[in-house]
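These notes are about the structure you will find just below.
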Amino acid sequence: MKNNITLILLSLLCLVLIFISCIVGSGSISVVDSIKALIYPLIGKDTEEINEGVKYIIYNIRIPRTLFAALAGAGLSICGLAFQSIFRNPLSDPYILGVSSGASLGATLAIVLGLENIIFGISGMSFVFAFLSVIIIIKIASYGNRIHTTTLLLAGISINFLASAFISLLMIINQEQIEKIVFWTMGSLSNISYHSVIGVSIAVVMGIICITYHARDLNALLIDTQTAKSLGVNVERTKRIILLICTLMVALIVSESGVIGFIGLVVPHIVRLIIGSDNRRMIPFSILGGIIFMITSDVLSRTIMPPSEIPVGSITALIGSPFFIYLLFNAKKRLKQ
């Protein structure tokens, strides 16, 4: 009963934040005009008195941006939850494991090679490089049938640095594309369109359905591999499916927004501290938590220094990095006990 009430309250908070995200921004549009442009069509009131520029900004910039922020927050959060379960490590997330950086490198290469206008050009390259990053990291961290946690994190950090080095090199070689490449490295929602929303929504909905279907298997994997096998879980098949769907989600999100880190780390961990580690209960809370985190970060990125925008990836990193340090200190304390 308590969890149901909390879910309802979080859902209402999501709706409030979505509304706020649609009416505030870095532009000079007044909040009253924004509310009118947003509300009048819904209640059937004449919108002729509203400036066409205001309508365009609300319906073609802010609404798709807000929808994408919600989808990205939900997708990255649910990926973090899945990675933490299959690797049995609360410090795992797409950013720290190098998946986001690999996807960003793929997107950068697509820009440099002129594949932006080709269907699945950027998203396809993002997926390939994100998937390669996952495979390399698992190969490095695997010892027999086990994945060593410390090696996994170190491998992820190494892939992050390696991808960043290649991106920096590409920026130096292709200085005419430097602005576009910087967009991917810092993370921004300034160029989001309805086309972006449609593509990502399909992947995120598929991912949520898939991870929800495998929630029981993820609970078993949290204990250990042998227990999962004894409970009838096809461990390797489950891991492959989860890794594939999560990599697809991360790649599509990164291909549209650039690297946005730490959501998959912070949100699932907070949810786990509050309601426990049962993935069946964690999934809806993580989805709502990811939406709240991402939309809040995006609103802050637009309103802290108007008319300029701070990259949303910088906001999530400013919040997530201290939290990551806190988790590492906690892990250190447990080792001393």
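The values are calculated or read from the model by the stated rules, or taken from the named source; none is laboratory data. From a predicted model like this one, the values you see are computed outputs, not experimental measurements. Cβ: placed from backbone, ideal geometry, glycine included. Neighbour counts: every protein chain shown.
Points to keep in mind about this one:
- Checking each residue in region 218-247 for being among the basic types (Lys, Arg) and under 23 Å from residue 75 (Cα atoms) picks out 237, 239, 240.
- Odd one out for residue 88 among (1) surrounded by fewer than 24 Cβ atoms within 10 Å (Cβ to Cβ); (2) part of a helix (DSSP H, G or I); (3) touching a residue at least 60 places away in the same chain (Cβ under 8 Å): (2)
- Some residue of region 208-217 being over 20 Å from the mean Cα position of the chain (by Cα) and of a type in the set (Lys, Arg): yes
- Cβ separations smaller than 7 Å between residues 6+ apart or across chains give no pair from region 5-24 residues that are over 15 Å from residue 37 (Cβ atoms) to residues that are surrounded by 15 or more Cβ atoms within 10 Å (Cβ to Cβ) and among the basic types (Lys, Arg).
- Options 137, 96, 192; residue that is in contact (Cβ under 8 Å) with a residue 60 or more places away in the chain, closer than 29 Å to residue 278 by Cα and of a type outside the set (Phe, Trp, Tyr): 96
- Number of positions in region 72-89 that are under 24 Å from residue 298 (Cα atoms) and hydroxyl-bearing (Ser, Thr, Tyr): 1
- Of all the residues in region 294-305, those that are assigned to a loop (DSSP other than H, G, I, E, B) and crowded, with 24+ Cβ neighbours inside 10 Å number 0.
- So residue 156, is it buried (at least 16 other Cβ atoms within 10 Å of the Cβ) and over 15 Å from the mean Cα position of the chain (by Cα): yes
- For region 91-119, a residue qualifies if it is part of a loop (DSSP other than H, G, I, E, B) and surrounded by fewer than 24 Cβ atoms within 10 Å (Cβ to Cβ), and the qualifying residues are 91, 113, 114, 115, 116, 117, 118, 119.
- Filter result for residue 304 (free of Cβ contacts under 8 Å to residues at least 60 places away in the same chain and within 16 Å of the chain's Cα centre (by Cα)): no
- If you go through region 163-219 and keep only what is buried (at least 19 other Cβ atoms within 10 Å of the Cβ), in contact with an Asp or Glu (Cβ under 8 Å, 6 or more places away or on another chain) and assigned to a loop (DSSP other than H, G, I, E, B), you end up with 188, 189, 192.
- Residue match in region 310-320 (condition: more than 14 Å from residue 264 (Cα to Cα), buried (at least 24 other Cβ atoms within 10 Å of the Cβ) and either at pLDDT 85 or above or not aliphatic (A, V, I, L, M) (or both)): yes
- From the options 26, 11, residue that is hydroxyl-bearing (Ser, Thr, Tyr), touching a helix residue (DSSP H, G or I) at 6+ places or on another chain (Cβ under 7 Å) and part of a helix (DSSP H, G or I): 11
- Residue list for region 67-85, restricted to those being β-branched (Val, Ile, Thr) and surrounded by fewer than 24 Cβ atoms within 10 Å (Cβ to Cβ): none
For every residue, the table says whether it meets (1) under 25 Å from residue 182 (Cα atoms); (2) under 21 Å from the mean Cα position of the chain (by Cα).
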| position | (1), (2) |
| --- | --- |
| 57 | yes, no |
| 78 | no, yes |
| 82 | no, yes |
| 91 | no, yes |
| 95 | yes, yes |
| 113 | yes, no |
| 126 | yes, yes |
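- Subset of region 169-225 (residues that are among the small types (Gly, Ala, Ser) and under 21 Å from residue 280 (Cα atoms)): 203, 207, 215, 220
- Annotation note: of 241, 260, 253, 291, the sole residue that is surrounded by fewer than 24 Cβ atoms within 10 Å (Cβ to Cβ) and either assigned to a helix (DSSP H, G or I) or touching a helix residue (DSSP H, G or I) at 6+ places or on another chain (Cβ under 7 Å) (or both) is 241.
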